[in-house]
Amino acid sequence: MAHGPSRTFTGVGRFAHRHAWWILGFWVLAAVGLNLAIPQLEVTVSKTSADFLPRSLPANQHLEAMARDFGVPPSNAVSSVVLVDDKGFGPADDAYYVRLVDALTKSDDVAYLIDFYGKPVTREAALSPDGKAVNILVAAEGSVGSTRAHHAAQGIRAAIDSAAPPAGLQTYYTGPTATLADLFSAIDFSLLIITGVSILLISIVVFIVYRKVSTAAIPLISLALGLAIVRPIASLLGGHGWLSISNFTIAIMTALVLGAVTDYAIFTLASYHEGRRKGLAVGDAVASASGRTAPIIVASALTIAAASASMIFTRIGMFRTAGPPTAIAVLVVLALALTLPPALLSIAGRRGLAEPGPSTERRWRHRGATIMRRAGIYAAASLIFLVSCAALLIGHRTNWDESSMFVRANESTRGYDAVYRHYGVNAVATEYLIVRADHDVRNTSDLAALELAADAVSRLDAVEAVRSITRPDGKPLTESAAGYVPGRVGHELDGAAKQMADARPDLLRLASGVGRLTDGADEANSRMPELVAGTDQVVTMAGGVLDSLDAAQTFIAAATDGRSDLTSATDTLRRSLDAVSPAVADLRRGAAAAQPAIDEFDRVFAPLIAPRTPAACSADPRCAAARVAFDQLNRATGGQARATLSGLRAAAAVPGRATARAERSVVALRGLLTQLNGLLSQLGGRTPDQIRADLGRLQAGVGELSDGMSQLADGLHQVRDGTAALTALTDKLHAGLKQATGYLGPMSAATADGPGRGFYLPDEALDDPRMVEGGRLLISPSGHTARMMVTWKINPYSGEALAASRGLAPAARSALAGTGLADAEVSNTGLASLSADMNDQLHRDLLIFGLAAIVAVTIVLTVLLRSVVAPLVLVATVLLSFAAVMGISTLVWQHLIGIPLDWSVAPVAGMALIAVGADYSMLFASRIREESAGRGLISGVIRGFGSTGSVITTAGLVFAITMFALMSGTTLNLVQIGFTIGVGLLLDILVVRSILVPATIAVLGERMWWPAPPVRRPATDD
């Protein structure tokens, strides 16, 4: 490519001058027609926005595979619905929860949800520690960042509202997917503001620079038509699926197109002014401007297009949707920039408009001369400054926290705040640990292995809790600890030992009672011979009675000739006694009547006939005299008197005694007859022989009783000895139980938690409601896949969490070694691991498209400058400038403001600064080489300063302002991108292009253009 006016592009300029109105009309009609025929880019993006996450990310694949394992639609758009009632959840809140779950389950916008709170046995897993918040994990339809996921987020929020939350209940749809949906909505809202601010700022700058409306209108008209044309083209390509687009397409493409088309118009306008100052006619000035600037514009456009197109090799959705559309847009703008500004200059120039103002070339040449005099110092100073700024990158942290990218709070950020307030951690950014086996894991052995994995992960410093089938609420099941059963056994043994201790007095009393019982048995046994003898006597006597009965029966039968038996005879005898009883009664009454006379006889004669004189009679003189007289009479009669009176007294007493004996005999006989009748009735019709048989059995039974009593006594002796031994053994058992309790207690404490916890769950525990409900949520229907829900102790968006996510699967895999799940596939997915994979992918994408952009820019510069060294030097300065501005941004945002740079800043800023920064250096170096022909390098540098200083500064300032306009958005990632690119462009035009590049060229000298020698400038340009 020639250094000087290009004849081809000079011809293009002349064509534009001759057909200026046709060219203007063409671009106006193209802009109007395209915008009328094709939907606006925002509309197309809202319908066909590409996925944000690359499907090739391992964590993304794991997330979708997990969904398939659990029989739900694959989705990576995972977030949460958080319900908060500061008064605590009540019946009205529970009723709303039921309505909400029903609405979400029926919604076409929900792929699946994980409902812990809806089941009583798993409710604690979803309820916050303070009992005021509930979390429902909801996976939306579509992929994160896609149009479907964005619409699904809106549908979920509509479902939340339609369920009519009660007063006092706050609802939030929050989490990663909700955050991205809110972020994209904020970006959509920001784009119109950014575009308007960009145009306003550019207008202000060009009006300040040119100070004429007619002149300022040329880049502004170019800007407006360029933007009006590239937007529907991008919409057309994106709407038909020929190009991936998103709201990042709008933001990045718009900013770069605004800057590029304005810069190209400024380049052309500056060259036109240069021609007019040299006295060229309008047509010649237009043709000269095209011939001199068109090669630079083409090279610049190709550089930007190449840098942008290199993003097609990336996989992150933001880059794929921003780079290629921007490349196409820049190429379209290139066609416009080569024709429309010359046409507008022609139209304005013919009317005496767009004339140049006072030249600033002398001032810029003076600056160039100053640098040339101390080129080495300026080069070293600028290098030191840039390297120092780049050194600020040490300690740079990439920010993956999309929730921190909002300028103003929204539903998702307020939801995060509520979650932290009630849960203490980010409970809505769950990480999933997935264990996939080739068999059903719902058995005690595999559950024990899963608990080992859960325990190992829960011990990681960054992990707050792990919910799994073995710990549904984040804490290990108490019953599953290996020490639980020994603890229970120890507890029961301790209770048994206490009962034994309490029962020992009773046992001693038992032993005492057994001793007394044994003594009693011995006594009874010793008396058994007497019982046997007595029984024998009774049997003998009973035998005699029976013999008497037999005899009486025989006698009565013989006496009555068989007409009567013993029973009839006793009845007859009773009747006879009944008849005798009155006579005996009469005798008793007669004897009673004679008794007073007998008593009087005894009173008178008893003292007289007594063998000795009674003392009472001796004391009575009359009785004593009568006694003496009677004694004399008795002696006189030879003792007959006393004998006669004594006999008479005895005879008088006989009737009374006989009557009494008769009466007693009758009574006794009556009783005997009654007993005999009773005995006969008791016989029950049995014969005496039968009774004798019974008595024989009685006698035999008593004999057996005697033998049994002997055996009982012997047995009680043994019981007494055994009771004594039992007492001694009980004492030993009590001591043993206390020892066992002392062992099992510490063992239970040592194995209930911590490294020695262990795991054991009997098969019947699998039917426990907690296991059943937990299994439905955490074990796949086939039983081959188990998932664990990991809650981070740290911010899940932080770099620390990203690094920690890499340790989850290895920690679990190590814990499973040597178990039945040693060969199981272990993986993890979730916000942190997705971000970690995105971070890895970001580095790969940066490397790929960075190298591609550098190679493309280097090739373009090589072709343009026909040099090897110059392109390498210019690219090196651009890379150093990029590193320096990244250091400055790190200082400002991370260290001063406290918000690290978003992950998207470096790649987008790199693309823009490599392309645009190379453009300015390209223009400057090209003009230096052109001006050096025939004048020497130093003179060429100074003249290049003079001819390009104003235009490059103006173009760079316009481009920087365009980038700074991004800071008017409502998302910090756009603000940071705008700040970084804007500062980078200022750094480029103020330090790199104004100091470092010319100083470096002066230091290198003619070696800068190796291997080609400097070209001579055509004589016509002198």
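Data table
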read-out	value
When residues of the stretch 351-388 are limited to those that are closer than 30 Å to residue 210 by Cβ and among the hydrophobic types (A, V, I, L, M, F, W, C), the one modelled with the highest pLDDT	353
Residue match in the stretch 281-289 (condition: surrounded by 21 or more Cβ atoms within 10 Å (Cβ to Cβ), touching a Phe, Trp or Tyr at 6+ places or on another chain (Cβ under 6 Å), assigned to a helix (DSSP H, G or I) and hydroxyl-bearing (Ser, Thr, Tyr))	no
Subset of the stretch 1-52 [of a type outside the set (Ser, Thr, Tyr) and assigned to a loop (DSSP other than H, G, I, E, B)]	1, 2, 3, 4, 5, 19, 38, 39, 40, 50, 51, 52
Only one of 266, 250, 208 that is assigned by TED's automatic domain parsing to the domain that holds residue 919, under 29 Å from residue 412 (Cβ atoms), of a type outside the set (Lys, Arg) and assigned to a helix (DSSP H, G or I)	250
Close pairs (7 angstrom Cβ cut-off, 6 or more residues apart or separate chains): under 23 Å from residue 236 (Cβ atoms) in the stretch 11-40, modelled with pLDDT of 95 or more and in a loop (DSSP other than H, G, I, E, B) anywhere	none
Lone qualifier among 157, 148, 211 - being of a type outside the set (Val, Ile, Thr) and at positive phi	211
The stretch 266-276, residues that are among the charged types (D, E, K, R) and either at pLDDT 90 or above or more than 12 Å from residue 947 (Cα to Cα) (or both)	276
Residue list for the stretch 335-352, filter: without any contact (Cβ under 8 Å) to a residue 40 or more places away in the chain and under 19 Å from residue 9 (Cα atoms)	335
Within the stretch 400-449, considering residues that are of a type outside the set (Val, Ile, Thr), modelled with pLDDT of 90 or more and part of a strand (DSSP E or B), the one farthest from residue 793 (Cα to Cα)	436
Any pair with Cβ under 7 angstrom, 6 or more apart, that starts in the stretch 773-784 at a residue that is modelled with pLDDT of 90 or more and ends at one that is part of a loop (DSSP other than H, G, I, E, B) and basic (Lys, Arg)	779/442; 783/442
Matching entry among 409, 429 (being hydrophobic (A, V, I, L, M, F, W, C), crowded, with 19+ Cβ neighbours inside 10 Å and at negative phi)	429
Residue match in the stretch 58-68 (condition: buried (at least 21 other Cβ atoms within 10 Å of the Cβ) and touching a helix residue (DSSP H, G or I) at 6+ places or on another chain (Cβ under 6 Å))	yes
All positions within the stretch 404-460 that are among the hydrophobic types (A, V, I, L, M, F, W, C) and closer than 17 Å to residue 83 by Cβ	418, 419, 427, 428
Residue 57 closer than 27 Å to residue 776 by Cβ and not charged (D, E, K, R)	no
Qualifying residue in the stretch 949-969 (condition: in a loop (DSSP other than H, G, I, E, B), polar (S, T, N, Q) and at pLDDT 85 or above)	no
Unmet requirement for residue 384, which otherwise passes all of (1) over 29 Å from the mean Cα position of the chain (by Cα); (2) free of Cβ contacts under 8 Å to residues at least 60 places away in the same chain; (3) assigned to a loop (DSSP other than H, G, I, E, B)	(3)
Where residue 39 falls short, out of the listed (1) buried (at least 19 other Cβ atoms within 10 Å of the Cβ); (2) assigned by TED's automatic domain parsing to the domain that holds residue 903	(1)
Pick from the stretch 113-141, criterion outside any strand (DSSP E or B) and small (Gly, Ala, Ser), ranking: surrounded by the fewest Cβ atoms within 10 Å (Cβ to Cβ)	131
Selected residue (only one of 892, 916, 875, 905 is buried (at least 24 other Cβ atoms within 10 Å of the Cβ), under 57 Å from the mean Cα position of the chain (by Cα), at pLDDT 85 or above and among the β-branched types (Val, Ile, Thr))	905
Filter pass, residue 890 being without any contact (Cβ under 8 Å) to a residue 24 or more places away in the chain and hydroxyl-bearing (Ser, Thr, Tyr)	no
Filter result for residue 926 (touching a residue at least 12 places away in the same chain (Cβ under 8 Å) and crowded, with 24+ Cβ neighbours inside 10 Å)	no
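The values are calculated or read from the model by the stated rules, or taken from the named source; none is laboratory data. Source: prediction; values computed, not measured. Every residue, glycine as well, gets a Cβ built from its backbone with ideal geometry; the counts of neighbours run over all protein chains shown.
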